[in-house]
Amino acid sequence: MESKMYEDKFRRSAISVPEAQARVLTYAQPGEMELVPILEAENRILASDVTAPHPFPHFRRSGMDGYALHSMDTKGCNNEQPVQLEVVDDIPCGSLPSAAVERGTASRIMTGAKVPDEADAVMMLEMTEMIEHDGRSYIRIKREIEPGKNITPAGFELAEGDLILEKGRRIGTGEISVLATFGIHQVPVARKPRVAIFSTGSELLNIDEPLQDGRIRNSNTYMLVSQIREAGGEPHMLPAIEDDLGKARQSVAEAFAEYDIVITTGGVSVGDYDIMAELVREQSMEMLFNKVTMRPGSVTTAAVKEGKLLFALSGNPGACFVGCELFVRPYIGTMLGIRDPFLPAFQAVLGKTYAKVNNFTRFVRGRLTFEDGRLVVYPAALDESSVMITIKDSDVLIVVPPTNKGVEAGELVDVLRLPGGRL
């Protein structure tokens, strides 16, 4: 049996990136809802629509400091024929009116305070003149004011029952403000899928170990933890898997039992020690694909076990990074209910000729700029699958379709925006 699996590693049928994404998303089931305190809701995904429990504002409020009055009392007044009104109340913000505003009277009012029910306008403070007479206060007005002036009506922004925030929306600063305004202190969010992350390979060192000749530090798992967290998942970095099929089988089985998603990095090629390429062919799993028409990361593999997905990503940093963004990110996003879980796509002008020929679609790390009123992208100088250093300098993936002549500077290319892009 193991000999047969070893032979099968070399017989791979490549599928396109869109087809691979479609196969993955078939298994993305919406997650459960949970309530979290509003201060813990930032960057979470709303699990249900949120509607206004009351109008906003829920009372008529003054738009400025001034005097609440009857607009009819100002009709016809001017510099030669001013109107004089008695001030009967003082309404600070947060207080309720304590006296009715009858015709011929006015109430001093602050910005944001509740306008008395009888008043239909607020005269700006600067448009009045204060007068004291026989222990009483009056204002003199020399211009008319129209009904409704400087009053924000109840429900001006939202009526009761209006949609405030829609399901699948990521919660940021503006959303937090709106939720707090309506007193929604327990927020319905999608539960984060718990993601197990393994690296494979006996050549790996912990990042706190000193360098050893012929070995490398286990950096991919730290990169994946960051990517999974940014995508909305809950990453769990587990001990590295040695190049031993039995141990790998046990570790992956235990991870499937405890976590929602399992990700491995490394061991998916066709070498003697590429154990993940063999593991995904076992009868306990259904392999979705083990080759994709893409560079880097053509050996990216996905399999399903009892409805849960295993993503076996390349051990090369560049390929691992791209594989996670193209396949794991939309899978997590779909589980969370995000409406468009894929990387944002647009077009830009290629700023520098990309001369590599290829028979697979290339996802080239690049940098996005804005020049002379147009978006321009520049490919990274080093974009090999094994190259790590340019990941930090890239904010886009440039999509280069199969070509036998490369792509010339000045041509329009498709671009995928990476999280945290500068423009």
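The values are calculated or read from the model by the stated rules, or taken from the named source; none is laboratory data. Please read these numbers as outputs of a predicted model, since none were measured by experiment. Reconstructed Cβ throughout: ideal geometry from the backbone, glycine too, with neighbour counts over all protein chains shown.
Before moving on, here are some points about what is shown:
- Listed by first and then second residue, the pairs with beta-carbon distance under 9 Å, at least 6 apart or on different chains, first residue in the stretch 72-87 and under 14 Å from residue 133 (Cβ atoms), second among the acidic types (Asp, Glu) and modelled with pLDDT of 95 or more, are 85/73.
- Search result, residues across the stretch 30-54 that are among the acidic types (Asp, Glu) and either assigned by TED's automatic domain parsing to the domain that holds residue 232 or over 17 Å from the mean Cα position of the chain (by Cα) (or both): 32, 34
- Count of the stretch 119-133 residues which are in contact with a Ser or Thr (Cβ under 6 Å, 6 or more places away or on another chain) and assigned to a loop (DSSP other than H, G, I, E, B): 1
- Conditions (1) under 23 Å from residue 155 (Cβ atoms); (2) surrounded by 19 or more Cβ atoms within 10 Å (Cβ to Cβ); number of the one not met by residue 95: (2)
- Of residues in the stretch 23-64 being aliphatic (A, V, I, L, M) and assigned to a strand (DSSP E or B), the one surrounded by the fewest Cβ atoms within 10 Å (Cβ to Cβ): 35
- All positions within the stretch 411-420 that are touching a strand residue (DSSP E or B) at 6+ places or on another chain (Cβ under 6 Å) and of a type outside the set (A, V, I, L, M): 411, 414, 417
A quick yes/no check of all residues on (1) part of a loop (DSSP other than H, G, I, E, B); (2) modelled with pLDDT of 95 or more:
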position: 67; (1), (2): no, yes
position: 76; (1), (2): yes, no
position: 79; (1), (2): yes, no
position: 86; (1), (2): no, yes
position: 94; (1), (2): yes, no
position: 111; (1), (2): yes, yes
position: 117; (1), (2): yes, yes
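- Scanning the stretch 305-327 turns up one or more residues that are under 29 Å from the mean Cα position of the chain (by Cα) and without any contact (Cβ under 8 Å) to a residue 40 or more places away in the chain.
- With respect to (1) assigned to a loop (DSSP other than H, G, I, E, B); (2) at pLDDT 95 or above; (3) surrounded by 13 or more Cβ atoms within 10 Å (Cβ to Cβ), the lone exception for residue 12 is condition (2).
- Of the residues screened, residue 100 is not one that is in the same structural domain as residue 70 (by TED's automatic domain parsing) and either surrounded by 14 or more Cβ atoms within 10 Å (Cβ to Cβ) or in contact (Cβ under 8 Å) with a residue 24 or more places away in the chain (or both).
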